[in-house]
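Working notes, structure below.
The values are calculated or read from the model by the stated rules, or taken from the named source; none is laboratory data. Please read these numbers as outputs of a predicted model, since none were measured by experiment. Heads up: the accessible areas ignore ligands, DNA and RNA and are worked out on the full protein's heavy atoms, side chains in. Shrake-Rupley method; radii C 1.70, N 1.55, O 1.52, S 1.80 Å.
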Amino acid sequence: MTDKMDQMDLQQYVLNLPLPNTVFFALVEATAKLVDLSDRYWQSQGLHGARVRILVELMKEGGTLLPSLLANKIGVTKANVSLLLTPLEQDGLILREPHPSDGRKWVVSITATGQTFLLRHLPENRQRVADAMNALNTQELHQLLALLAKLKNG
């Protein structure tokens, strides 16, 4: 504890957040609640949410990506993406193959089994998230989207 701030002062400092910090923590808590909702669904289906994100990102990009690009897209390190890919490969949801023109690299592709998995489970997960987001009306959702874009880009 510093000379300028005793324990009571520190407690008051922690409790009395400025508005931007209050909003930040409210955003973090709301995001954590929604991510938890989605993760619980994926766990009930035997998968981790980050692994599902890999399958979704592969589909967004036409089915095949470099592991380093996958890591960037889902916000993990290259080492962590490798750890996430191994069980997906073992379950037959993805395939790792040598890069067609650069033998030093690998590419990751979603398999037909992985596509079937997404087709079977994405609608239920999306519905659960949509149900939680129904606390906001359409206008509020558009407003929130615009505000989040402003934060992201500004």
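Largest accessible area first, the listed residues 106, 42 line up as 106, 42 when surface is computed with a 1.4 Å probe on the assembled protein chains. The number of Lys pairs in the chain with C-alpha atoms less than 19 Å apart, excluding pairs fewer than 8 positions apart on the same chain, is 4.
Using Cα springs under 10 Å in a Gaussian network model of the chain, which residue among 28, 56, 108 shows the largest mean-square fluctuation? Largest GNM mean-square fluctuation: 28. Of 143, 45, 11, the residue with the greatest mean-square motion in the GNM of the chain, using alpha carbon springs below 10 Å, is 11.
Find the all-direction average of the projected area of the Cα convex hull for the chain, expressing the result in square nanometres with one decimal place.
For the chain, averaging the hull's shadow over all directions gives 14.1 nm².
Principal axis analysis of the Cα atoms in segment 95-154 yields extents of 49, 35, 11 Å, listed in decreasing size.
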